[in-house]
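The values are calculated or read from the model by the stated rules, or taken from the named source; none is laboratory data. Bear in mind that the values here come from a model prediction, so they are computed numbers and not experimental data. Note that we place each Cβ from the backbone using ideal geometry, even for glycine, and neighbour counts take in every protein chain shown.
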Amino acid sequence: MTSLKAQTTKGLFWSFLDSFGVYLIKFCFSIFIARTLSPGDYGVMGMIIIFISLGQLLSEGGFAMALVQKKEAAEADYSTVFWFNSIAGIIIYTILFFSAGAIADFFRTPQLTGVTRVAALVIVINALVTVQSVQLARRMEFKKQAVINLVSALFSGTTGIILALRGFGVWALVFQTVAGSIVNLAGLWLTSGWRPVAVFDRSSFRSLASYGYKIFLQGFGDVVFTKIYFPLIGRFFSVDQLGFYSNSNRFYDLFVRQVSSSVNRVVFPAFSSIQEEKERFASNYTKSFGMLAFVMSLLMLVLIISSGQFVEIFLGTKWMPTVPLMIVFFIEGFYFPLLMLNQNLLSALGLSGKALQTDIVKKSLTLISIILTFRYGIKALIIGQVISTFVAFVLSSIAIMKQLGLPAGSFLRPLYPVFLLAAACFLADDLLIDRFITSKPLLLTVKITLIPAIYLVTSHILKVPSFTELRTMFARIYTKGSAPQENG
């Protein structure tokens, strides 16, 4: 039987291939679409993001994580969740359909009526695939998910480009989103092998809800306090400024939230399966934390130092106001996936209440930061968000260390080398690369090739533990599995 370590390693491989393949596709399509559309088009789409996000969250209800965490899920559990999600999705879509006019009036943008009614279809579509996605995750069949997501990204991106080039404006973004959801629906229904039965088990519903409601509350707060910026900016700033914020946030989602999602959809079911083995759990957690910190440090480093040249060359000068916003977002991008790792592993231990407590602190700080920084502009709002996330990251790290019986400050140990590596690369960029290269294309090329090379070679020379673990992990991909090992 394949060990958990080998299974998780292969899962991570396909999950990251999924993410980075989807990144590459979405990244390329985003460049072409952004060059064609105006900041105002992105601004109009940004006005309804919070409504769509909340709708999807409400229809899912926290049941997906509850199904993954449950040790033995029965057919009644799956069908109960499917019918709840489906009915909730239809109800929420109906509410948004008839509220579309009021939303358009609030933003003083008549076009939003039609945009809301079409874009909100993704709530119903995505509600129909929650269980199928959970089943693939429980079986750790991430290869299937990778293929589905890659095909979905290709289809939706192609749809967006064709419509953008034909002058559809914001509708290119609307139909791009809907098209991707439809392909994802078809792929999951064809590959999961599961079909619902006419069962709604009340005891199953109550059991799953008792765990899932905490996850739901955490997710609800996350959506409200991360997406609230869109309606605030849309209502009190210009539509172009919302467009700049929306596009910078879009790239943040592509490079940060997707990485976090890829890691946690593998890590959560894997760690849930060993929640009773505390020593093994602790060993795997410290290794996972260190490797994720190493990867995110390198990724955010490259994104921060190259964002100016990238935007100017690929998106055009009309998008240059997004650069300062992107840089601040990418600073948060280093530790946001680490925060999500901590939160998910607390949940994997059955301590979703602890995860919720940490999240409440984060949301409270975010609310305070919005009140204090709103008058100072969009960049100040993002800085407030970054600080709130950092505090929550520290608190969640201390909480999980305490739960695993580790010293409270031990989470800092794997961070020291990546901070030193990042600082050295920043100095090399500032003192050498920026001062001696004037050609923008050449400068961008050097930044995205030489800086990672310096980071990785230095890690190899200094034998940074997280780098060694990563090399070992990827080496296992080429094996057919291994016998269960201690701490594996």
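For the range 241-255, a tally of residues being in contact (Cβ under 8 Å) with a residue 40 or more places away in the chain and under 18 Å from Met300 (Cα atoms) returns 8.
Is it the case, given these coordinates, that Ser53 is in contact (Cβ under 8 Å) with a residue 40 or more places away in the chain, closer than 22 Å to Ile233 by Cα and part of a helix (DSSP H, G or I)? Taking the combined requirement at face value, the residue satisfies it. Only residues that are within 20 Å of Phe236 (Cα to Cα), without any contact (Cβ under 8 Å) to a residue 12 or more places away in the chain and not hydrophobic (A, V, I, L, M, F, W, C): list them for the range 89-143, please. Asp105, Arg108, Pro110, listed by residue number. For the range 151-201, the candidate set comprises residues that are part of a helix (DSSP H, G or I) and free of Cβ contacts under 8 Å to residues at least 24 places away in the same chain; within that set, the residue that is farthest from Phe27 (Cα to Cα) is Leu190.
Filtering Val223, Val239 for residues that are buried (at least 17 other Cβ atoms within 10 Å of the Cβ) and either among the acidic types (Asp, Glu) or modelled with pLDDT under 85 (or both) leaves a single hit, Val223. Any idea which residue in the range 17-41 is modelled with the highest pLDDT, counting only those that are surrounded by fewer than 20 Cβ atoms within 10 Å (Cβ to Cβ) and among the aromatic types (Phe, Trp, Tyr)? By that ranking, first place goes to Phe32.
Against the list (1) part of a helix (DSSP H, G or I); (2) free of Cβ contacts under 8 Å to residues at least 60 places away in the same chain, the condition Glu72 fails is (1).
Just one residue in the set Ser248, Ser262 is at pLDDT 85 or above, under 15 Å from the mean Cα position of the chain (by Cα) and part of a helix (DSSP H, G or I); that residue is Ser248. Only one of the numbered conditions (1) at pLDDT 90 or above; (2) not assigned by TED's automatic domain parsing to the domain that holds Phe310 is not met by Ile448, and that is (2).
In this structure, does Lys362 turn out to be touching a residue at least 12 places away in the same chain (Cβ under 8 Å) and either in contact with an Asp or Glu (Cβ under 9 Å, 6 or more places away or on another chain) or in the same structural domain as Gln69 (by TED's automatic domain parsing) (or both)? Yes, satisfied. Of the residues Leu339, Leu365, the single one that is farther than 30 Å from Phe310 by Cβ, within 25 Å of the chain's Cα centre (by Cα) and either part of a helix (DSSP H, G or I) or at pLDDT 85 or above (or both) is Leu365.
Note on the range 378-410: residues that are more than 22 Å from the chain's Cα centre (by Cα) and modelled with pLDDT under 90 amount to 12.
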